[in-house]
1. So, ASP16, is that one surrounded by 13 or more Cβ atoms within 10 Å (Cβ to Cβ) and free of Cβ contacts under 8 Å to residues at least 24 places away in the same chain or not?
2. Considering only residues that are more than 16 Å from the chain's Cα centre (by Cα) and not acidic (Asp, Glu), look in segment 27-39 and name the one that is nearest to VAL75 (Cα to Cα).
3. Looking at ASP5, ASP25, ASP33, which is the one that is buried (at least 19 other Cβ atoms within 10 Å of the Cβ) and of a type in the set (D, E, K, R)?
4. Quick check on this structure: which one of THR86, THR64, THR74, THR46 is over 21 Å from ALA9 (Cβ atoms) and β-branched (Val, Ile, Thr)?
5. Residues in segment 1-34 that are out of contact with any Ser or Thr (no Cβ under 8 Å at 6 or more places or on another chain), among the acidic types (Asp, Glu) and modelled with pLDDT under 95: how many?
6. Would you pick out the residues in segment 35-56 that are closer than 17 Å to PRO83 by Cα and either among the polar types (S, T, N, Q) or at pLDDT 95 or above (or both)?
7. Go through segment 62-86 and give me each residue that's surrounded by 13 or more Cβ atoms within 10 Å (Cβ to Cβ), free of Cβ contacts under 8 Å to residues at least 40 places away in the same chain and more than 15 Å from the chain's Cα centre (by Cα).
8. Working only within segment 2-45, note down all residues that are touching a Gly at 6+ places or on another chain (Cβ under 9 Å) and either among the basic types (Lys, Arg) or farther than 13 Å from ILE90 by Cβ (or both).
Amino acid sequence: MPTRDEVIAVAKQCFDPEIPVNIWDLGLLYDIDVDSEESAVNIRMTLTSQGCPAAQAIPDDLRTKIVKGLGVKTVNIQLVFNPPWTPERISEEGKKKLGIGEE
């Protein structure tokens, strides 16, 4: 089974097609649970908006990359909108890439 850090590394390879920052640095992943008993990765995540045009593509891309890259058979992704995503969730690295938060 992969570690949580390995799942995060894969998430850093997934992008919202409209934003040049990976979904981890955007703060879209709320919870990652690696369940070795069930041989599954369980993720609770959100999107930048409920009307995101990539609402299906982003979770599908993440699931595919985890399965192929980490050899996990079961990846459960729960898409949630509570709490709602806000730009405050963007990491410092993500803010640098977007050119925000710099004085």
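The values are calculated or read from the model by the stated rules, or taken from the named source; none is laboratory data. Everything numeric here is computed off the predicted structure, so don't read it as measured data. So basically every Cβ, Gly included, is an ideal-geometry build from the backbone, and we count neighbours across all protein chains shown.
1. Details: surrounded by 13 or more Cβ atoms within 10 Å (Cβ to Cβ): yes; free of Cβ contacts under 8 Å to residues at least 24 places away in the same chain: no.
Here the answer is no, as ASP16 does not meet what is asked.
2. Applying the first criterion (more than 16 Å from the chain's Cα centre (by Cα)) to segment 27-39 yields 35-39.
If we keep only those that are not acidic (Asp, Glu) as well, we get 36, 39.
On the way: SER36: 12, SER39: 9 Å.
The extreme case among them is SER39.
3. Numbers: ASP5 fails: buried (at least 19 other Cβ atoms within 10 Å of the Cβ); ASP33 fails: buried (at least 19 other Cβ atoms within 10 Å of the Cβ).
ASP25 is the lone residue from the list that is buried (at least 19 other Cβ atoms within 10 Å of the Cβ) and of a type in the set (D, E, K, R).
4. Details: THR64 fails: over 21 Å from ALA9 (Cβ atoms); THR74 fails: over 21 Å from ALA9 (Cβ atoms); THR46 fails: over 21 Å from ALA9 (Cβ atoms).
From the options THR86, THR64, THR74, THR46, the qualifying one is THR86.
5. 1
6. So in segment 35-56, the residues closer than 17 Å to PRO83 by Cα come out as 43-52, 55.
Residues satisfying the conditions are ILE43, ARG44, MET45, THR46, LEU47, THR48, SER49, GLN50.
7. As a first pass, look at segment 62-86 and keep what is surrounded by 13 or more Cβ atoms within 10 Å (Cβ to Cβ): 62-67, 69-70, 72, 74-77, 79-80, 85.
Next, from what is left, pick out any that are free of Cβ contacts under 8 Å to residues at least 40 places away in the same chain: 63-64, 67, 74-77, 79.
Result: THR74, single match.
8. Across segment 2-45, the qualifying residues are PRO2, GLU6, ALA9, VAL10, GLN13.
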